[in-house]
1. Would you kindly state how much longer the chain becomes between Arg84 and Arg41 on full extension, computed as 0.36 nm times their sequence separation minus their alpha carbon distance, in nm to one decimal?
2. Summing -39500 (n - 2.57) over the DSSP H runs of n ≥ 4 in the chain and dividing by its residue number, what mean residue ellipticity at 222 nm do you reach, to the nearest 500 deg cm²/dmol?
3. Could you give each residue of the range 98-112 its phi-based ³J(HN,Hα) in whole Hz, using Karplus coefficients 6.51, -1.76, 1.60 with θ = phi - 60°, and x for Gly or Pro?
4. Report the normalised scattering of the chain as log10 I(q)/I(0) at q = 0.09, 0.18 Å⁻¹, calculated by the Debye formula with identical scatterers on the alpha carbons.
5. Counting only residues 5 or more places away or on other chains, whose amide H sits under 5 Å from the amide H of Val95 once H atoms are built in the peptide plane?
6. Nearest 10 degrees is fine. How inclined is helix 11-24 to the longest principal axis of the chain, computing both from alpha carbons?
7. Hey, how many Å between the Cα centroid of the range 113-132 and the Cα centroid of the range 19-82?
8. For Arg153 paired with Arg32, estimate the spin-label separation in nm (one decimal), with each label point 7 Å from Cα along the Cα-to-Cβ line.
Amino acid sequence: MHVALVTPEIAWNTGNAGRTCLAAGAQLHLVRPLGFSLDEREVRRAGVDYWPRVNPVVWDDLPAFEAALPALGEPYFFSAEAPRELWDVAFPPGVVLVFGRESGGLPDDVRARHADRMVCIPMADTKMRSLNVSTAVAIVLYEVVRQRRTARRAGDLSGRRPPGGA
């Protein structure tokens, strides 16, 4: 599992997303330019004492990251305006969850290139523009974890029968 933040702007969000990735067993990727230094105190504080273990992969730019996507897994791109809801996606075992920057989300050209892989987190309040990016990372990442757990219990991922199954 991989989580990518494209041009993140706020150190606290990145630190929190990194901590969530570590807890869920996902690799964090950061795509430059970053709106802060990875040495900033705020990143470390948000990641608590776990930040050194997060060990994010840092990409020089979006083209370099996109070129690596086939080797990383199947990408899904998240935007509040995407037509497909999170609950309607069955995530594959090798997945890359891609999120945009806090102030503007993913660039328009990325959304256009990957229109068939755009997903949103549904929100009941139609006046809400978006969720905080680290909150979105946590929601999506743990939906993937939940799907994997359900599949494992059914024997779908391991090839084994579920406990107590015939």
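1. On the way: separation 43, 0.36 × 43 = 15.48 nm, distance 3.71 nm.
Full extension of this stretch gives 11.8 nm more.
2. Numbers: 6 runs with 62 residues, N = 166.
It lands at -11000 deg cm²/dmol.
3. With the stated coefficients, the range 98-112 comes to 10, 10, x, 6, 4, 7, x, x, 7, x, 4, 5, 5, 4, 5 Hz.
4. -0.31, -1.13
5. For Val95, whose amide H was placed from the backbone, the distant partners under 5 Å are His2, Glu74.
6. Result, in degrees: 20.
7. Distance between centres, Cα-based: 20 Å.
8. In this crude spin-label approximation the distance works out to 4.4 nm.
Every number in this text was worked out from the coordinates using simple rules, so none of it is lab data. Bear in mind that the values here come from a model prediction, so they are computed numbers and not experimental data. Please note: Cβ atoms are built from the backbone with ideal geometry, for glycine as well, and neighbour counts cover all protein chains shown.
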